[in-house]
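**Q** My structure is below; once you've seen it, I'll send some questions.
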Amino acid sequence: MYRQFARDRSLLTLEAEARAAQRGLWGLPETERCPPWDWRRGTCNTAPAPVSSAPTATTASGGFTCAGKRYCREMTSYEEAKFYLTQCGVRSLDGNHDGVPCETLCR
């Protein structure tokens, strides 16, 4: 929110409550947070890791490898997304923090 233009001061209270309760972007680890005002300016330092051009397919044993995927659109299956969430620590795949990554892949 642009604070200098805010007419509804209750939004400031809601933001403070969200921060205190660690809801929304405030629930993310500090290194992944990007307040909306910084995101609009393009000044966030939360750029995703570059995606490797090396293949990210399965290994010889049939398992997955952590290879720089950061978004659901890069996943080929729910199983791969679950691996990236649990083994590689890519929390951005679980947008609502319910433990189920890339819910659109579950359909």
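**Q** Scanning for something part of a loop (DSSP other than H, G, I, E, B) and either surrounded by fewer than 10 Cβ atoms within 10 Å (Cβ to Cβ) or modelled with pLDDT under 80 (or both), does segment 9-21 turn up at least one residue? Spell out how you get there, then give the answer.
**A** Filtering segment 9-21 down to residues part of a loop (DSSP other than H, G, I, E, B) leaves 9.
Now restrict to residues that are either surrounded by fewer than 10 Cβ atoms within 10 Å (Cβ to Cβ) or modelled with pLDDT under 80 (or both): 9.
The answer is yes; a qualifying residue exists.
**Q** If I filter segment 45-56 for residues that are modelled with pLDDT of 75 or more, surrounded by 13 or more Cβ atoms within 10 Å (Cβ to Cβ) and either within 22 Å of C106 (Cβ to Cβ) or in contact with a His (Cβ under 6 Å, 6 or more places away or on another chain) (or both), do I get at least one hit?
**A** no
**Q** I would also like to ask the following. Could you run through segment 70-92 and say how many residues are closer than 18 Å to P29 by Cβ and touching a Phe, Trp or Tyr at 6+ places or on another chain (Cβ under 6 Å)?
**A** In the first step, residues of segment 70-92 are kept if they are closer than 18 Å to P29 by Cβ; the result is 70-71, 84-92.
Pick out the ones that are also touching a Phe, Trp or Tyr at 6+ places or on another chain (Cβ under 6 Å) and you get 90.
So the count comes out to 1.
The values are calculated or read from the model by the stated rules, or taken from the named source; none is laboratory data. All values reported here derive from a predicted model rather than from experimental measurement. With ideal geometry, Cβ positions are generated from the backbone for all residues, glycine too; neighbour counts draw on all protein chains shown.
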